[in-house]
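Colleague: Have a look at this one before I ask anything.
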Amino acid sequence: MTTPFSEQQSEQWLLERTYHAQLRDGRELSVPDFTWAMKQLTDVDIPLSSQSWKSKLPEQLSAKKCTNVSIPISTWMEISPEEAGTSYQEGCPVLLYGEHRWEHLKATSETWRPNRNVYTLIYGNAKVMPEVVSGVEYAVCSLDPKRGHAANASWRAWFSSDVATLLNGSTHRNMLFLRPCMQFPYTTYYTVIAADGQVHEYSDRARAIQGFALLASQEAHDRSDLHSIFPQFCYYHEVKCPSGIYHIEFFGPRMNEQGYNVQKG
(Lines give C-alpha, C1' and ligand atoms only; values in the text may rest on other atoms or scores of the structure.)
Protein backbone atom coordinates (compact mmCIF):
# COMPACT_ATOMS: atom_id res chain seq x y z
CA MET A 1 0.00 0.00 0.00
CA THR A 2 1.30 3.43 -0.87
CA THR A 3 1.07 6.32 1.55
CA PRO A 4 -1.92 8.69 1.19
CA PHE A 5 -1.47 11.88 -0.77
CA SER A 6 -0.08 14.69 1.37
CA GLU A 7 -1.35 18.24 1.65
CA GLN A 8 1.83 19.54 0.00
CA GLN A 9 1.42 17.16 -2.95
CA SER A 10 -2.23 18.10 -3.35
CA GLU A 11 -1.35 21.80 -3.49
CA GLN A 12 1.49 21.25 -5.97
CA TRP A 13 -0.65 19.10 -8.28
CA LEU A 14 -3.54 21.56 -8.08
CA LEU A 15 -1.37 24.50 -9.12
CA GLU A 16 0.15 22.56 -12.01
CA ARG A 17 -3.35 21.43 -13.06
CA THR A 18 -2.89 17.67 -12.87
CA TYR A 19 -5.30 15.16 -11.33
CA HIS A 20 -4.40 12.10 -9.26
CA ALA A 21 -6.51 9.24 -7.92
CA GLN A 22 -5.40 6.51 -5.54
CA LEU A 23 -7.21 3.17 -5.65
CA ARG A 24 -7.93 0.95 -2.67
CA ASP A 25 -5.29 -1.57 -3.73
CA GLY A 26 -2.60 1.13 -3.59
CA ARG A 27 -2.31 1.71 -7.32
CA GLU A 28 -2.83 5.12 -8.90
CA LEU A 29 -4.79 5.89 -12.04
CA SER A 30 -2.75 6.96 -15.04
CA VAL A 31 -2.12 10.66 -14.41
CA PRO A 32 -2.06 11.74 -18.11
CA ASP A 33 -5.25 9.83 -18.94
CA PHE A 34 -7.08 10.91 -15.79
CA THR A 35 -6.00 14.53 -16.24
CA TRP A 36 -7.03 14.56 -19.90
CA ALA A 37 -10.48 13.17 -19.02
CA MET A 38 -10.97 15.74 -16.25
CA LYS A 39 -10.08 18.58 -18.62
CA GLN A 40 -12.85 17.45 -20.99
CA LEU A 41 -15.63 17.99 -18.43
CA THR A 42 -18.61 20.05 -19.55
CA ASP A 43 -21.44 21.14 -17.29
CA VAL A 44 -25.20 20.83 -17.72
CA ASP A 45 -28.11 22.80 -16.28
CA ILE A 46 -30.64 19.99 -16.64
CA PRO A 47 -30.25 16.33 -15.58
CA LEU A 48 -28.44 14.20 -18.12
CA SER A 49 -30.53 11.52 -19.76
CA SER A 50 -30.25 7.95 -18.50
CA GLN A 51 -28.79 6.86 -21.82
CA SER A 52 -27.67 3.25 -21.98
CA TRP A 53 -23.99 2.63 -21.46
CA LYS A 54 -24.09 0.55 -24.66
CA SER A 55 -25.11 3.52 -26.79
CA LYS A 56 -22.75 4.57 -29.58
CA LEU A 57 -24.51 7.88 -30.15
CA PRO A 58 -23.35 11.08 -28.41
CA GLU A 59 -25.90 12.57 -26.06
CA GLN A 60 -27.75 15.64 -27.28
CA LEU A 61 -27.05 18.64 -25.05
CA SER A 62 -28.63 22.06 -25.11
CA ALA A 63 -26.44 24.44 -27.11
CA LYS A 64 -26.23 26.86 -24.20
CA LYS A 65 -24.81 24.23 -21.86
CA CYS A 66 -21.60 22.97 -23.42
CA THR A 67 -19.33 24.96 -21.15
CA ASN A 68 -16.05 23.50 -19.96
CA VAL A 69 -15.68 22.97 -16.23
CA SER A 70 -12.59 23.15 -14.05
CA ILE A 71 -12.76 21.34 -10.69
CA PRO A 72 -10.10 22.62 -8.25
CA ILE A 73 -9.63 19.29 -6.47
CA SER A 74 -6.41 17.59 -7.53
CA THR A 75 -6.38 14.41 -5.42
CA TRP A 76 -9.02 11.69 -5.15
CA MET A 77 -9.30 8.30 -3.49
CA GLU A 78 -11.45 5.30 -4.25
CA ILE A 79 -14.43 4.50 -2.03
CA SER A 80 -17.24 1.97 -2.12
CA PRO A 81 -20.54 2.67 -3.91
CA GLU A 82 -22.27 2.79 -0.53
CA GLU A 83 -19.81 5.38 0.77
CA ALA A 84 -20.31 7.41 -2.41
CA GLY A 85 -24.07 7.47 -1.89
CA THR A 86 -23.67 8.57 1.71
CA SER A 87 -21.15 11.29 0.81
CA TYR A 88 -23.42 12.66 -1.88
CA GLN A 89 -26.40 12.77 0.49
CA GLU A 90 -24.23 14.69 2.97
CA GLY A 91 -23.50 17.31 0.30
CA CYS A 92 -19.99 16.19 -0.63
CA PRO A 93 -18.75 15.92 -4.25
CA VAL A 94 -18.34 12.47 -5.76
CA LEU A 95 -16.42 11.59 -8.90
CA LEU A 96 -17.19 8.56 -11.07
CA TYR A 97 -14.59 7.09 -13.41
CA GLY A 98 -14.91 4.44 -16.08
CA GLU A 99 -12.99 3.05 -19.03
CA HIS A 100 -14.57 1.93 -22.29
CA ARG A 101 -12.49 -0.29 -24.56
CA TRP A 102 -13.43 -0.23 -28.22
CA GLU A 103 -12.36 -2.13 -31.30
CA HIS A 104 -13.26 -1.73 -34.96
CA LEU A 105 -14.72 -4.86 -36.52
CA LYS A 106 -13.10 -5.98 -39.76
CA ALA A 107 -15.35 -5.13 -42.69
CA THR A 108 -16.06 -7.58 -45.49
CA SER A 109 -14.45 -5.19 -47.98
CA GLU A 110 -11.66 -2.76 -47.14
CA THR A 111 -12.56 0.93 -47.42
CA TRP A 112 -10.71 3.05 -50.00
CA ARG A 113 -7.55 4.76 -48.91
CA PRO A 114 -4.90 6.71 -50.90
CA ASN A 115 -1.86 4.81 -52.14
CA ARG A 116 1.66 5.87 -51.19
CA ASN A 117 2.06 8.40 -54.03
CA VAL A 118 -1.29 10.09 -53.40
CA TYR A 119 -0.59 10.05 -49.64
CA THR A 120 2.71 11.86 -50.31
CA LEU A 121 0.96 14.51 -52.41
CA ILE A 122 -1.61 15.11 -49.68
CA TYR A 123 0.51 14.92 -46.54
CA GLY A 124 4.04 15.48 -47.81
CA ASN A 125 5.23 12.32 -46.11
CA ALA A 126 5.67 8.93 -47.75
CA LYS A 127 5.19 7.09 -44.47
CA VAL A 128 1.63 5.79 -44.32
CA MET A 129 0.29 5.88 -40.78
CA PRO A 130 -1.36 2.65 -39.67
CA GLU A 131 -5.09 2.81 -39.03
CA VAL A 132 -6.10 2.76 -35.38
CA VAL A 133 -8.27 -0.31 -34.82
CA SER A 134 -8.70 -0.28 -31.03
CA GLY A 135 -8.35 1.99 -28.04
CA VAL A 136 -9.63 3.10 -24.65
CA GLU A 137 -11.90 6.02 -23.80
CA TYR A 138 -11.62 7.50 -20.31
CA ALA A 139 -14.93 8.67 -18.89
CA VAL A 140 -15.57 10.87 -15.85
CA CYS A 141 -18.73 12.20 -14.22
CA SER A 142 -18.72 14.72 -11.38
CA LEU A 143 -21.67 14.78 -8.99
CA ASP A 144 -21.69 17.83 -6.75
CA PRO A 145 -24.92 18.61 -4.86
CA LYS A 146 -23.83 22.21 -4.29
CA ARG A 147 -22.16 23.21 -7.55
CA GLY A 148 -23.89 21.05 -10.12
CA HIS A 149 -23.03 18.02 -12.22
CA ALA A 150 -20.60 17.60 -15.08
CA ALA A 151 -19.45 14.83 -17.42
CA ASN A 152 -17.20 14.43 -20.43
CA ALA A 153 -18.30 13.21 -23.86
CA SER A 154 -17.03 9.66 -23.29
CA TRP A 155 -19.15 9.32 -20.15
CA ARG A 156 -22.28 10.59 -21.85
CA ALA A 157 -21.77 8.21 -24.77
CA TRP A 158 -21.11 5.00 -22.85
CA PHE A 159 -22.41 5.29 -19.28
CA SER A 160 -25.65 6.20 -17.58
CA SER A 161 -25.76 9.75 -16.28
CA ASP A 162 -28.91 9.55 -14.16
CA VAL A 163 -27.88 10.36 -10.59
CA ALA A 164 -30.46 8.12 -8.93
CA THR A 165 -29.40 5.18 -11.10
CA LEU A 166 -25.70 5.74 -10.43
CA LEU A 167 -26.03 5.89 -6.65
CA ASN A 168 -28.67 3.26 -5.96
CA GLY A 169 -26.34 0.33 -6.57
CA SER A 170 -27.69 -0.83 -9.93
CA THR A 171 -24.91 0.28 -12.32
CA HIS A 172 -21.50 -0.45 -10.84
CA ARG A 173 -20.09 -2.31 -13.82
CA ASN A 174 -16.70 -0.97 -14.95
CA MET A 175 -17.09 2.03 -12.67
CA LEU A 176 -14.95 3.52 -9.89
CA PHE A 177 -16.29 5.81 -7.15
CA LEU A 178 -13.96 8.51 -5.87
CA ARG A 179 -14.11 11.18 -3.19
CA PRO A 180 -11.76 14.14 -2.63
CA CYS A 181 -8.61 13.18 -0.78
CA MET A 182 -7.74 16.79 -0.01
CA GLN A 183 -9.84 19.93 -0.52
CA PHE A 184 -8.90 23.57 -0.25
CA PRO A 185 -11.55 26.30 0.08
CA TYR A 186 -12.19 28.13 -3.16
CA THR A 187 -14.46 30.76 -4.67
CA THR A 188 -15.26 31.14 -8.36
CA TYR A 189 -15.11 34.61 -9.91
CA TYR A 190 -16.32 35.95 -13.25
CA THR A 191 -14.91 39.20 -14.56
CA VAL A 192 -14.87 41.07 -17.86
CA ILE A 193 -11.96 43.33 -18.82
CA ALA A 194 -13.26 46.13 -21.02
CA ALA A 195 -11.32 47.44 -24.00
CA ASP A 196 -10.19 50.44 -21.91
CA GLY A 197 -8.82 48.14 -19.19
CA GLN A 198 -11.63 48.61 -16.68
CA VAL A 199 -12.52 45.42 -14.81
CA HIS A 200 -16.17 44.51 -14.24
CA GLU A 201 -17.01 41.82 -11.68
CA TYR A 202 -20.14 39.67 -11.81
CA SER A 203 -21.81 37.32 -9.35
CA ASP A 204 -22.28 34.46 -11.81
CA ARG A 205 -21.37 33.34 -15.30
CA ALA A 206 -24.72 34.20 -16.94
CA ARG A 207 -24.49 37.85 -15.85
CA ALA A 208 -20.84 38.01 -16.91
CA ILE A 209 -21.69 36.75 -20.38
CA GLN A 210 -24.48 39.31 -20.67
CA GLY A 211 -22.12 42.07 -19.56
CA PHE A 212 -19.47 40.89 -22.01
CA ALA A 213 -21.95 41.04 -24.89
CA LEU A 214 -22.80 44.68 -24.08
CA LEU A 215 -19.20 45.93 -24.16
CA ALA A 216 -17.83 47.28 -27.41
CA SER A 217 -14.37 47.07 -28.91
CA GLN A 218 -12.11 50.09 -29.37
CA GLU A 219 -9.85 51.15 -32.20
CA ALA A 220 -6.21 51.65 -31.25
CA HIS A 221 -3.29 53.16 -33.17
CA ASP A 222 0.17 51.65 -32.88
CA ARG A 223 2.47 53.76 -35.08
CA SER A 224 1.01 53.17 -38.54
CA ASP A 225 -1.01 50.14 -37.51
CA LEU A 226 -4.72 50.40 -36.74
CA HIS A 227 -6.19 47.52 -34.79
CA SER A 228 -9.13 46.71 -32.52
CA ILE A 229 -9.01 45.96 -28.79
CA PHE A 230 -11.74 43.63 -27.66
CA PRO A 231 -13.15 42.94 -24.17
CA GLN A 232 -11.83 39.85 -22.38
CA PHE A 233 -13.95 37.37 -20.46
CA CYS A 234 -12.21 35.87 -17.42
CA TYR A 235 -13.30 32.95 -15.26
CA TYR A 236 -11.05 31.81 -12.42
CA HIS A 237 -10.96 30.06 -9.05
CA GLU A 238 -9.47 31.76 -6.02
CA VAL A 239 -8.09 28.92 -3.90
CA LYS A 240 -6.86 29.18 -0.30
CA CYS A 241 -3.87 26.85 -0.06
CA PRO A 242 -1.56 26.30 2.94
CA SER A 243 1.18 28.42 1.29
CA GLY A 244 -1.09 31.29 0.27
CA ILE A 245 -3.97 32.34 -1.92
CA TYR A 246 -3.80 31.46 -5.60
CA HIS A 247 -5.73 32.22 -8.75
CA ILE A 248 -6.27 29.40 -11.22
CA GLU A 249 -7.60 30.85 -14.42
CA PHE A 250 -9.81 28.60 -16.44
CA PHE A 251 -10.72 31.13 -19.10
CA GLY A 252 -8.83 34.34 -19.61
CA PRO A 253 -5.39 35.81 -20.39
CA ARG A 254 -3.59 33.29 -18.11
CA MET A 255 -5.74 30.25 -18.75
CA ASN A 256 -2.79 28.17 -19.99
CA GLU A 257 -0.53 29.01 -17.05
CA GLN A 258 -0.14 27.37 -13.67
CA GLY A 259 -1.90 28.80 -10.64
CA TYR A 260 -0.26 32.04 -9.49
CA ASN A 261 0.09 33.47 -6.00
CA VAL A 262 -1.87 36.61 -5.15
CA GLN A 263 -1.32 36.69 -1.38
CA LYS A 264 1.24 35.12 0.91
CA GLY A 265 0.11 32.62 3.54
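Colleague: Would you check which residues across the stretch 199-232 are touching a Gly at 6+ places or on another chain (Cβ under 8 Å) and farther than 22 Å from GLY148 by Cα and list them?
Modeller: First, pick out the residues of the stretch 199-232 that are touching a Gly at 6+ places or on another chain (Cβ under 8 Å): 200, 202, 232.
Residues satisfying the conditions are HIS200, GLN232.
Colleague: Of the conditions (1) assigned to a loop (DSSP other than H, G, I, E, B); (2) open to solvent by less than 20 Å² (accessible area, probe 1.4 Å), LEU14 satisfies every one except a single condition; which number is it?
Modeller: Looking at each condition in turn, LEU14 falls short on (1).
Colleague: In the stretch 140-161, which residues are small (Gly, Ala, Ser) and assigned to a loop (DSSP other than H, G, I, E, B)?
Modeller: Our first condition is that a residue be small (Gly, Ala, Ser); within the stretch 140-161, this holds for 142, 148, 150-151, 153-154, 157, 160-161.
Hits for the stretch 140-161 are SER160, SER161.
Colleague: Here's something else I'd like to know. Identify, from the list ALA164, ALA153, the residue that is within 30 Å of ARG24 (Cα to Cα) and at pLDDT 90 or above.
Modeller: None of the others qualify; the one that does is ALA153.
Colleague: Scanning the stretch 73-125 for residues that are open to solvent by 40 Å² or more (accessible area, probe 1.4 Å) and within 19 Å of the chain's Cα centre (by Cα), which turns out modelled with the lowest pLDDT?
Modeller: Looking at residues that are open to solvent by 40 Å² or more (accessible area, probe 1.4 Å) and within 19 Å of the chain's Cα centre (by Cα), I get GLU99.
The values are calculated or read from the model by the stated rules, or taken from the named source; none is laboratory data. Just so we're clear, the structure is a prediction, and the values are computed from it rather than from any experiment. As a convention, Cβ positions derive from the backbone with ideal geometry for all residues, glycine included, and neighbour counts pool all protein chains shown. Just so you know, the surface numbers come from the protein's heavy atoms only, side chains and all, with ligands and any DNA or RNA stripped out. Shrake-Rupley method; radii C 1.70, N 1.55, O 1.52, S 1.80 Å.
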